[in-house]
Amino acid sequence: MLAAEPGAAVGLSAITARHLEKTYLSANRNGSVTETHALSDINLEIAQGEFICIIGASGCGKSTLLRIVAGFESVSSGDLLVMGKPVAGPGPDRGMVFQDYALFPWLSVAQNIAYGPRQAKINDEEVNALTERYLDIVGLQKFRNRYPHELSGGMKQRVAIARVLANDPAVILMDEPFGALDAFTRNGLQESLLHIWGEAKKTILFITHSVDEAIYLSDRTIVLSPHPGRVKLELTIDLPRPRDIASVEFNHFKRIMLDAIAPDIAAETE
Ligand code: ADP
């Protein structure tokens, strides 16, 4: 029997969106209400274990979509299912990694990773085993007793990823997690993330502004267009990994994606 490729679909859908709409209502000082139609008729089927990137011009609803999947925002109409169940709020089946790390500054690296399992009231032995496992996976054993302010940005993001993994969510949501990092650190973390994804077999929904990052990482990239946010393109990146960003094949995907995004970026700067 052939071993499954990392990211291979295993049947049940991890995330399903059906005719999803999101309109924000904001109260103005004069008593009027401004409506912002952030997402329109979003239909998605994301398989378990898939690595999906979401890209698009500013304001196209990337964060809104991620926050709806996380359960931080409600839908205005339509359906959003995670592992076959409607999302009614945040839950342990989903973990979020933020661009600004969102670590607990008063806890050490190991304590940050152990935090979720401890809250879940599993016994100390299991908490310790999970902490060791994820310290190993993200390569931070030597820094286990350091505090967040003593770490580089890349290390902080490794802790944030380990902390989410330790809660064993089915779906990991990442909102431009490497956006604040320099290019070398970013490349290193992309490699680590692909390795972790291959090991942990999680579904990943990853927002990026970088076409290269989307093509390097994802099985499939969803391009959104703004006002209102709609799915403009779904591009399956069927290149073997590790991917060569200088290859003709890579640039073929890059051309398609840039052509899809360029008009929206131009409209944004007009
Ligand atoms: P992106 O992440 O692609 O930049 P967002 O999801 O942040 O886009 O925003 C999509 C649209 O919804 C934008 O027009 C934005 O101004 C609007 N929006 C986002 N959050 C809110 C909110 N809490 N209240 C009102 N409008 C919002």
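Can you tell me the FRET efficiency between LEU25 and GLU125 if r is taken as the Cβ-Cβ distance and R0 is 35 Å, rounded to the nearest 0.05?
Numbers: r = 49 Å, r/R0 = 1.40.
E between LEU25 and GLU125, to the nearest 0.05, is 0.10.
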Any aspartates and glutamates with Cα under 16 Å of the LYS22 Cα? List them, leaving off those in the same chain fewer than 8 positions away. GLU35, ASP41, GLU73, ASP79
Using a simple spin-label model with points 7 Å from Cα along the Cα→Cβ vector, what separation in nm is obtained for ARG133 and ARG18? 3.4
With the convex hull built on the Cα atoms of the stretch 109-221, state its orientation-averaged projected area in nm². 7.0
Counting pairwise Cα distances across the stretch 17-174, what percent come out greater than 18 angstrom? 65
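How would you rank TRP106, TRP197, going from fewest to most other Cβ atoms within 10 Å of each one's own Cβ? Write out the running numbers ahead of the final one.
On the way: TRP106 9, TRP197 21.
Going from sparsest to densest Cβ surroundings: TRP106, TRP197.
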Computed helical MRE - 222 nm, the chain, DSSP H runs ≥ 4 contributing -39500 (n - 2.57), nearest 500: -11500 deg cm²/dmol
Which value, in debye to the nearest 20, describes the size of the charge dipole of the stretch 170-257 about its Cα centre when Lys and Arg Cβ atoms bear +1, Asp and Glu Cβ atoms bear -1, and nothing else is charged? 260
At what distance in nm do the modelled label points of LEU233 and SER152 sit from each other, each positioned 7 Å from its Cα along Cα→Cβ? 3.4
What is the Cα coordinate range of the stretch 15-104 on the first, second and third principal axes, sorted by size from largest, in whole angstrom? 47, 36, 27
Radius of gyration, Dmax [the chain; alpha carbons; angstrom]: 19.1, 67
Could you sort 224-230, 82-88, 19-25, 30-36 so that the peptide with the highest average Cβ count within 10 Å comes first and the rest follow in order? 224-230, 19-25, 82-88, 30-36
In nanometres, the difference between 0.36 nm per residue of separation and the alpha-carbon distance of ILE245 and ASN187 is 19.7 nm
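Values quoted throughout were computed directly from the atomic coordinates according to the rules given, and no laboratory measurement underlies them. Computed from a predicted model, the values in this text were never measured in an experiment. Note: ideal-geometry Cβ built from the backbone for every residue, glycine included; neighbour counts use all protein chains shown.
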